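Asks: Got a structure for you, questions after.
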Amino acid sequence: MASNHIVIEFSITGQNEYGRGVLDRNFAPRTIALINYQLRNAIQTRIVVRNGEVSFPFKIGRAGPENAKKIVKKGDIGYWTQSNVLIIFLLNKEIAYPVNIVGHIQDGDIKFFEKLRIGRSIKLEKVQSAIDEEDYL
């Protein structure tokens, strides 16, 4: 039986540092399926940092609210469907807009995301997946 997890890696262009996160299909299966499909090739995007969040513009297609939450925890990975943005939350907080929680940052990697600065180029790629796409696409 396949695992429900996808390990993704965020790396700054031109540097040897990275942070990893785990996407969990149990949280938002449709959103995860769309993200997984887009990550069949690495994605290059720019970092946006504000109010305890690091976000990455990242279009995944027609995703709608799916178990969306307004209260998030430090290390949560969310996808904001209205703005096509993947967000890493650096603080526990209540947010003004609901996001689909899709995973979490791996232990110890939150420091990588706390150091990120606005405008830097970053690459997102799938490192490991045990999910069979045909199971839920």
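The values are calculated or read from the model by the stated rules, or taken from the named source; none is laboratory data. All values derive from a computational prediction rather than experimental measurement. Every residue, glycine as well, gets a Cβ built from its backbone with ideal geometry; the counts of neighbours run over all protein chains shown.
Asks: For region 7-57, which residues satisfy the criterion of being among the small types (Gly, Ala, Ser) and at positive phi? I'd like the intermediate steps shown before the answer.
Replies: Within region 7-57, the first condition is being among the small types (Gly, Ala, Ser), and the residues that meet it are 11, 14, 19, 21, 28, 33, 42, 52, 55.
Those that are among the small types (Gly, Ala, Ser) and at positive phi: Gly14, Gly52.
Asks: Scan region 50-68 residue by residue and report those that are in a strand (DSSP E or B), under 15 Å from the mean Cα position of the chain (by Cα) and not aliphatic (A, V, I, L, M). Show your work before the answer.
Replies: Applying the first criterion (in a strand (DSSP E or B)) to region 50-68 yields 50, 53-57.
With the extra rule that they be under 15 Å from the mean Cα position of the chain (by Cα), the set shrinks to 53-57.
Listed by number, the residues that qualify are Glu53, Ser55, Phe56, Pro57.
Asks: Within region 125-137, which residues are at pLDDT 90 or above and either surrounded by 18 or more Cβ atoms within 10 Å (Cβ to Cβ) or more than 16 Å from Phe56 (Cα to Cα) (or both)? It would help to see each step written out before you state the result.
Replies: Filtering region 125-137 down to residues at pLDDT 90 or above leaves 125-127.
Across region 125-137, the qualifying residues are Lys126, Val127.
Asks: Follow-up. Across region 12-42, which residue is nearest to the chain's Cα centre (by Cα) among those that are buried (at least 18 other Cβ atoms within 10 Å of the Cβ) and farther than 18 Å from Ile60 by Cβ?
Replies: Gly19
Asks: Go through (1) buried (at least 22 other Cβ atoms within 10 Å of the Cβ); (2) of a type in the set (A, V, I, L, M); (3) more than 15 Å from the chain's Cα centre (by Cα) for Ile77 and report which single condition fails.
Replies: All conditions are met except number (3).
Asks: Still on this model: Which of (1) under 22 Å from Lys123 (Cβ atoms); (2) touching a residue at least 24 places away in the same chain (Cβ under 8 Å) does Gln15 not meet, given it meets every other one?
Replies: (2)
Asks: A further question on this structure: For region 1-21, enumerate the residues that are in a strand (DSSP E or B) and either in contact with a Phe, Trp or Tyr (Cβ under 9 Å, 6 or more places away or on another chain) or of a type in the set (Asp, Glu) (or both). Break it down stepwise before answering.
Replies: Of all residues in region 1-21, those in a strand (DSSP E or B) come to 5-12, 18-21.
Glu9, Phe10, Ser11, Ile12, Tyr18, Gly19, Arg20, Gly21 - these are the residues of region 1-21 that are in a strand (DSSP E or B) and either in contact with a Phe, Trp or Tyr (Cβ under 9 Å, 6 or more places away or on another chain) or of a type in the set (Asp, Glu) (or both).
Asks: Could I ask something else about it? Would you point out which residue out of Ile122, Ile71, Ile101 is crowded, with 18+ Cβ neighbours inside 10 Å, β-branched (Val, Ile, Thr) and either out of contact with any strand residue (DSSP E or B) (no Cβ under 7 Å at 6 or more places or on another chain) or over 18 Å from Arg25 (Cα atoms) (or both)? Please lay out each step first, then the result.
Replies: Numbers: Ile71 fails: crowded, with 18+ Cβ neighbours inside 10 Å; Ile101 fails: either out of contact with any strand residue (DSSP E or B) (no Cβ under 7 Å at 6 or more places or on another chain) or over 18 Å from Arg25 (Cα atoms) (or both).
Selected residue: Ile122, the only one of Ile122, Ile71, Ile101 that is crowded, with 18+ Cβ neighbours inside 10 Å, β-branched (Val, Ile, Thr) and either out of contact with any strand residue (DSSP E or B) (no Cβ under 7 Å at 6 or more places or on another chain) or over 18 Å from Arg25 (Cα atoms) (or both).
Asks: Out of Asp76, Asp24, I need the residue that is in contact with a Phe, Trp or Tyr (Cβ under 8 Å, 6 or more places away or on another chain) and acidic (Asp, Glu). Which one? Give the derivation first.
Replies: On the way: Asp24 fails: in contact with a Phe, Trp or Tyr (Cβ under 8 Å, 6 or more places away or on another chain).
Exactly one of Asp76, Asp24 is in contact with a Phe, Trp or Tyr (Cβ under 8 Å, 6 or more places away or on another chain) and acidic (Asp, Glu), namely Asp76.
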